[in-house]
Amino acid sequence: AQSVAQPEDQVNVAEGNPLTVKCTYSVSGNPYLFWYVQYPNRGLQFLLKYITGDNLVKGSYGFEAEFNKSQTSFHLKKPSALVSDSALYFCAVRDAGTYKYIFGTGTRLKVLA
Amino acid sequence: EAQVTQNPRYLITVTGKKLTVTCSQNMNHEYMSWYRQDPGLGLRQIYYSMNVEVTDKGDVPEGYKVSRKEKRNFPLILESPSPNQTSLYFCASSFSPTGGDQPQHFGDGTRLSIL
């Protein structure tokens, strides 16, 4: 069965410091991996995806994610955090053999000025 | 403007009173989906649709119905709502995932309270 784990409920980081939001996954076939961000009272917004190819994926707003097949991880990163990055972040996976999506429980990122 | 529109945004109702949450997209997307968001559980997929008249269950379909009679609309129906269906609901759409994969576009959510 597919699953996604976001082990941290909250991540705090100082403005200007690098940030990492962790995600690990389990699928039976090839994974399609996504990161979404949710601001208060809004729907989710797409940040980036990994389908195939380079393990380092670049996305919106300066975010990037590193796909690691051996560790089944897809951690979200940004070199320099902004206060405006504070939001709820979701990792999602789809097994290439199905059309069902599994989302993680979300990680609240708080960037401190 | 490309968007996914859900209505209503907020609803308080009582147990057993049938309700429908509408979802409409203007991007000609084939794939549409419903999710519920609950604290500590993240988003869970309720139903999805690959195209008109093609629907399938997600992980938490019990107590819900959907239909896809037109490409742009994908209503979520609660025939006999119960308090455990109190949640924040999101509709999403994307181009078909069969030819690779596409990000989903989400509506702004519907907050349902079932008393």
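Summing Lys, Arg as +1 and Asp, Glu as -1, what charge do residues with Cβ under 10 Å from the Cβ of B:N28 carry, B:N28 excluded? Could you put the intermediate results ahead of the total?
Working: positive: B:K71, B:R72; negative: B:E30.
Value of the local net charge: +1.
Of the residues B:T86, A:S70, B:S33, the one whose Cα sits farthest towards the positive end of the charge dipole of the protein assembly as shown is B:T86 (charges of +1 on Lys and Arg Cβ, -1 on Asp and Glu Cβ, taken about the Cα centre).
Hey, what did region B:37-115 get for relative contact order, percent, Cα under 8 Å, at least 6 apart? Before the final figure, lay out the partial values.
Values: 117 pairs, mean separation 18.0, N = 79.
With pairs under 8 Å counted, the relative contact order is 23 percent.
Could you work out which residue, out of A:T52, A:T98, A:T72, moves most in a Gaussian network model of chain A, that is, has the largest mean-square fluctuation with Cα springs under 10 Å? Maximum fluctuation in the GNM of chain A, among the listed residues, is at A:T98.
Partners of B:K18 within straight-line reach, counting lysines whose Cα lies under 17 Å from its Cα and excluding those fewer than 8 residues away in the same chain: B:K65.
Please identify the trypsin sites (Lys or Arg not before Pro) of region B:51-90 that satisfy two criteria: DSSP loop assignment and at most 10 other Cβ atoms within 10 Å. Which are they? Qualifying residues, ordered by number: B:K69.
Going by neighbour counts of Cβ atoms within 10 Å, the residues B:D108, A:D54, A:D95 line up, fewest first, as A:D54, B:D108, A:D95. Using DSSP to call loops (not H, G, I, E or B), can you name the trypsin sites (Lys or Arg not before Pro) in region A:60-113 whose Cβ has at most 11 other Cβ atoms within 10 angstrom? For trypsin sites (Lys or Arg not before Pro) across region A:60-113 that sit outside H, G, I, E and B with at most 11 neighbouring Cβ atoms in 10 Å, the list reads A:K69. Restricting region B:1-85 to GluC sites (Glu not before Pro) that sit in a DSSP loop and have at most 12 other Cβ atoms within 10 Å of their own Cβ leaves B:E1, B:E53, B:E62, B:E70, B:E79. Normalised by the number of residues in chain A, the average gap of Cα pairs under 8 Å and 6 or more apart makes the relative contact order 38 percent. The mean of 1/r over all pairs of different alpha-carbon atoms in the protein assembly as shown, once inverted, gives a Kirkwood hydrodynamic radius of 18.0 Å.
Taking the number of other C-beta atoms within 10 Å as the exposure measure, put A:S70, B:S94 in order starting with the fewest.
On the way: A:S70 5, B:S94 21.
Going from least to most buried by this count: A:S70, B:S94.
By the rule of a C-alpha distance below 19 Å, with chain neighbours fewer than 8 residues away ignored, the lysines paired with A:K78 are A:K22, A:K49, A:K58, A:K110.
For chain B, the Cα gyration tensor yields ellipsoid semi-axes of 23, 14, 13 Å (square root of five times each eigenvalue, largest first, whole Å).
Computed from the coordinates by the stated procedures, all read-outs in this text should not be read as laboratory data. Since we're looking at a predicted model, the values are computed, not measured. Cβ: placed from backbone, ideal geometry, glycine included. Neighbour counts: every protein chain shown.
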